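Chemist: Starting off with a structure, shown below.
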Amino acid sequence: MLSVHGLTKTYPGGVVGLRPTDLTVARGERLVLLGPSGSGKSTLLRLIQGLESADGGEVWVDGRRVDGLPPHRRGVALLPQRVALYPHLTVAGNLAAGRERERPEDSKSPVAHAPGSPEELFRLTPLLSRYPHQLSGGERQRVALAKLLRLNRPLWLLDEPFSGLDPMFRAEFRHDLLLFAASAGATILLVTHDPIDALAIGQRIGVLADGILRQVGTADELRSAPGHRFVAFCVGSHSLLDGAVQVAGDGDPPVFVAEGGSVRVPVPRSASCGTELTLGLRPDDLVQRAPGDPSYGTITGWPLVSAEPDGSGWLLTVARGRTRVRVEWRSGPPPPVGTLTDWTIPAARGTWFDRATGERIQVTSSK
Ligand code: ADP
Ligand code: MG
């Protein structure tokens with residue numbers, strides 16, 4: 001449904017909006033791009049919609065090349081990050097204005113008619129006679145979304161659609177959106193800074209940082225094989241430890257050392273002294289200290305700073321300075337906050353990244 005090749009944008013003054021980006025979204029798929037503020041999410045959506053002119057690249061929608069076409073002829077409906085409603089029109093008037101602008105030939109493959117109108121689905125009936133200034137942020141967002149859905153375009157671009165919403169209603173609204181999208185057979189490209197939204201909505205997730213699309217995959221793929229430290233941090237709940245390889249003396253195997261020596265993890269003999277690495281640890285990569293196996297890594301003497309219940313046990317956070325490591329705890333009540341804790345990292349656990357580039361590298365633990 002959507003295919004983007006080498007799409008790129010630099011703003012005046014040399015500010016990078018988006019590095020050359022390739023992306024495809026299958027018909028009926030929901031792809032969510034996750035990235036912090038300033039990572040290029042809105043830029044990408046605005047380039048696809050044609051509200052911003054690209055420096056290069058192609059945009060294909062439903063088999064047509066559309067990057068030379070004006071926004072309304074691209075077969076795309078964009079919910080902008082800052083929703084604009086006509087201030088002098090009621091909700092009913094705003095919804096109708098959206099519909100009048102639409103011309104049937106704009107949409108080559110209109111989506112199937114959904115059961116229940118967007119107004120019903122988004123509970124707008126009681127709001128129809130109100131003006132935009134009489135609506136809450138969440139209500140305005142619901143009106144804008146309903147207006148967008150009435151455009152009947154096959155591809156929806158949603159820019160942080162949940163950001164104005166009360167946390168109490170977020171989950172409910174996400175659910176409404178999923179139901180409506182499924183019944184309309186729509187294809188969705190949604191961008192957000194919230195991993196919870198990304199995991200709830202995305203069949204695949206892409207991670208965007210500094211205008212670079214780092215990785216696209218299912219949540220499981222990103223969690224189990226993050227290609228970049230940022231992906232590991234955002235989606236994989238990895239704790240990240242920066243350190244370097246040290247060789248203690250002649251014949252001693254090299255060890256990755258971090259946090260003043262309180263983290264020590266054996267690395268292969270081929271690792272050269274001084275190599276700077278980042279170790280990514282998932283909460284289940286660590287176990288309580290067991291009698292020494294020299295192939296195991298260790299974290300020694302880190303104070304427990306918090307313990308949160310996580311359904312089947314506890315999620316502990318241990319810290320040293322500003323570095324935090326999250327650990328799964330499944331063996332009864334956790335120790336009191338402030339306790340100094342020791343952990344082991346079984347061989348072959350953990351994910352390694354190049355400290356300079358953040359890219360994943362293969363460092364298999366030596367036996
Ligand atoms: P996001 O939506 O992920 O927060 P944006 O796409 O809005 O990120 O912005 C990406 C980068 O481009 C940021 O550094 C931002 O400051 C810059 N930027 C966005 N819009 C403009 C603009 N109209 N003029 C100049 N710089 C812009
Ligand atoms: Mg944005």
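Chemist: Kindly put V191, V216 in sequence by how many other C-beta atoms sit within 10 Å of each C-beta, fewest to most.
Modeler: Fewest-to-most ranking of V191, V216: V216, V191.
Chemist: Let me ask you something else. How large is ³J(HN,Hα) for each residue in segment 272-288, as worked out from phi by the Karplus curve 6.51 cos²θ - 1.76 cosθ + 1.60 (θ = phi - 60°), to whole Hz, x for Gly and Pro?
Modeler: 8, 4, x, 4, 8, 10, 10, 9, x, 10, 7, x, 9, 7, 10, 10, 4
Chemist: Could I ask something else about it? First measure r as the distance between the Cβ atoms of S262 and R65, then evaluate 1/(1 + (r/R0)^6) with R0 = 51 Å and state the FRET efficiency to the nearest 0.05.
Modeler: Step by step, r from the Cβ atoms, then E = 0.35.
Chemist: Mind giving me the nanometre distance, one decimal, between the label points for S306 and A84, set 7 Å out from Cα along Cα→Cβ?
Modeler: Taking the two extended label points, one gets 4.0 nm.
Chemist: Work out the FRET efficiency for E58 and S136 from their Cβ-Cβ distance, taking R0 = 45 Å, and round it to the nearest 0.05.
Modeler: The calculated FRET efficiency here is 0.65.
Chemist: In nm, to one decimal, how far is the A356 label point from the D293 one, both placed 7 Å along Cα→Cβ?
Modeler: Modelled inter-label distance: 3.4 nm.
Chemist: Additional query: Between S117 and A182, what is the label-to-label distance in nm when each label sits 7 Å out along the Cα-to-Cβ direction?
Modeler: 2.4
Chemist: If you don't mind, another one. To the nearest 0.05, how large is the calculated FRET efficiency for E328 and S272 if R₀ is 41 Å and r is the Cβ-Cβ distance?
Modeler: The formula returns an efficiency of 0.80 here.
Chemist: Show me the ranking of peptides 194-202, 240-248 by mean Cβ neighbours inside 10 Å, starting with the highest.
Modeler: 194-202, 240-248
Chemist: Additional query: Nearest 5 percent is fine: what portion of the DSSP beta bridges confined to segment 2-229 is antiparallel?
Modeler: The answer is about 50 percent antiparallel.
Chemist: ³J(HN,Hα) across segment 35-44 via Karplus (A = 6.51, B = -1.76, C = 1.60, θ = phi - 60°), whole Hz, x for Gly/Pro?
Modeler: The phi angles translate into x, x, 4, x, 7, x, 5, 5, 4, 4 Hz.
Chemist: Summing -39500 (n - 2.57) over the DSSP H runs of n ≥ 4 in the chain and dividing by its residue number, what mean residue ellipticity at 222 nm do you reach, to the nearest 500 deg cm²/dmol?
Modeler: My calculation for the chain gives -6000 deg cm²/dmol from helical runs alone.
Chemist: Follow-up question, since we're still on this one. Filter the trypsin sites (Lys or Arg not before Pro) in segment 300-363 down to the DSSP loop ones having no more than 14 other Cβ atoms within 10 Å, then list what survives.
Modeler: Answer in residue order: R322, R330.
Chemist: Using the alpha carbon gyration tensor of the chain, what are the three equivalent-ellipsoid semi-axes (square root of 5 times each eigenvalue), largest first, in whole Å?
Modeler: Taking √(5λ) for each Cα gyration eigenvalue gives 47, 24, 16 Å.
Chemist: Evaluate the relative contact order of the chain (contact order divided by residue number), counting alpha-carbon pairs under 8 angstrom at least 6 apart; express in whole percent.
Modeler: The value is 15 percent.
Chemist: Continuing with the same structure: Would you work out the Kirkwood radius for segment 305-367? I mean one over the mean of 1/r across all pairs of different Cα atoms, in Å.
Modeler: With all distinct Cα pairs of segment 305-367 included, I get 14.0 Å.
Read the figures in this text as sums done on the coordinates, not as results from a lab. Since the structure is predicted, the reported quantities are computational estimates derived from the model, not experimental observations. Glycine also receives a Cβ, built like all others from the backbone with ideal geometry; neighbour counts cover every protein chain displayed.
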